[in-house]
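Data block below; observations after.
Here, each number is a calculation from the coordinates, and none is a lab measurement. On a predicted model such as this, the values are computed, not experimentally measured, just so you know. Virtual Cβ from ideal backbone geometry, glycine too; neighbours counted across all protein chains shown.
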Amino acid sequence: MKHLYCPLLVLCISLISFSAVNAQIKFEVSPNGRYLQTVDGIPFFINACTAWTLPADYTCDEVEAYLDNRLKEGFNTIQMSAVFSEIDKTMYRKAFHNNDISQPVDSYWKQVDWCVKEATDRGLIVILNPIWKRSVNEFIQQQGENKCRVYGRWFAERYKDNPRVFYFIGGDQIPEPVRGEMNAMGEGIQEVYGGRAIVAYHSCGSQSSKEAFPDASWLTLNWTYAYTPAYKFEGIPRYPYQMNYENIKRYKNIPVQFGEGYYDFGTAKKYPANGITGRWGNRYVIRRQTWWNVTSGAVGVAYGAEGIWHKNRDGETWLKCLEYESSKDMGRLKRLFDSLSWWKLYPDMNHEVLVSGYGEYLTDNYATAAVADDMSFTLIYIPVPHVLHIRVPEKLKKWVTVMKWFDPTNGEKSDVKDYVLKDDNLIVTSPSVNSSGAGDWVLILGFSE
């Protein structure tokens, strides 16, 4: 790899401090443990784009163009790895002298620093990985736990003064065979932050951070992960909404973010009727997994395009990926959430509100609902047409003032026309297809006096 470090650009930006707003904003887990917020109490919804190889594979001009576009399209977070050896198996040799994690190569790390600062100076959050685990287990084992803890501290010291840097440990694998080293690295980061850093673990498909490290005190953000073929892992169903429900019930006081799912591979792949080929999904599948997540308890999501994280793969250039409609759908979701008190939402896991008409659990047709804890509004995502039966308590019947269908493919709202209020149920029939020709919709039901 040619180091792309831009000394002139770094010299220039080093003369420009963070803006007053960016420098002062720090983040923490909310008091109720359900979402992230600024220390001033402003809730923060993660809308991330995945660019694992951004520091290593993109030129300085490309980094700037990518970040500018992501910001314009409504993303507020970038997920990347400082040392990513999934494509280039020798990457760690370029990052460290003598295959020693305690001997960083200065020019390599200046490029990583520059890339991080370019993102955060724009107001973006960076969720940064110290070293991608998969493919380098032997190298990590050679370092041992003590060096990995020191490396975690060194890594955190490098970015601790940048309040817009979060972290994740691991990389597409269960902790074994380096569980102790991964744990030590996480502990090292938190030692620098006094336990207040935002840190997740990136495990294998269909395993969350907390399922990988149930007792780790350094974990403050619980990544869920589901893109295994047909949402099955070792023959057992593992749907995104299922993972969220299970993790929210089992692990308290830690926010859930959907950290990775199916990637869009554009025209490089042909998709069968279900929209899934291997670990890739079409626009509908990408959108469905996102909406399933935000209506089943996730307070953050991540978008992936194959040609972005694996730059220009099979002719799907990163510039082409920026124009994918699946990417633009993420911006449409973010704009809707910006208009809502989304942090009040809690998943309707027991069907206390959406009582029937939601389809079959652990199938592709399952509808998910989230209800504001003050009953001020409800969001229901339907992946296919449904006739929904929504329980409306007697005291709220006169308060139904907003009923809108939101088209997740163009961002437009329309009045709900096909409905009837019968006894305690609001019975709503969904429209046929949205502007893309698919059958998924979002129902917004609002209550106010």
If the only charges are +1 at each Lys and Arg Cβ and -1 at each Asp and Glu Cβ, what is the size of the charge dipole of the chain around the Cα centre, to the nearest 20 debye? 40
What range in the chain is the longest one free of trypsin sites (Lys or Arg not before Pro) that are in a loop by DSSP and have at most 15 other Cβ atoms within 10 angstrom? 271-416
With a Förster distance of 35 angstrom and the Cβ-Cβ distance between Leu319 and Lys110, calculated FRET efficiency to the nearest 0.05 equals 0.85
Which of the residue pairs Lys232/Lys269; Lys328/Lys422; Lys249/Lys334; Lys249/Lys311; Lys72/Lys344 have a Cα-Cα distance greater than 28 Å in the structure shown? Lys328/Lys422; Lys249/Lys311
At a 10 Å Cβ-Cβ cut-off, how would you order Val112, Val442, fewest neighbours first? Val442, Val112
Antiparallel content of DSSP bridges confined to the chain, in %, to 5: 65
Amide H within-cut-off set for Lys232, under 5 Å, with H built and near neighbours excluded: Arg238
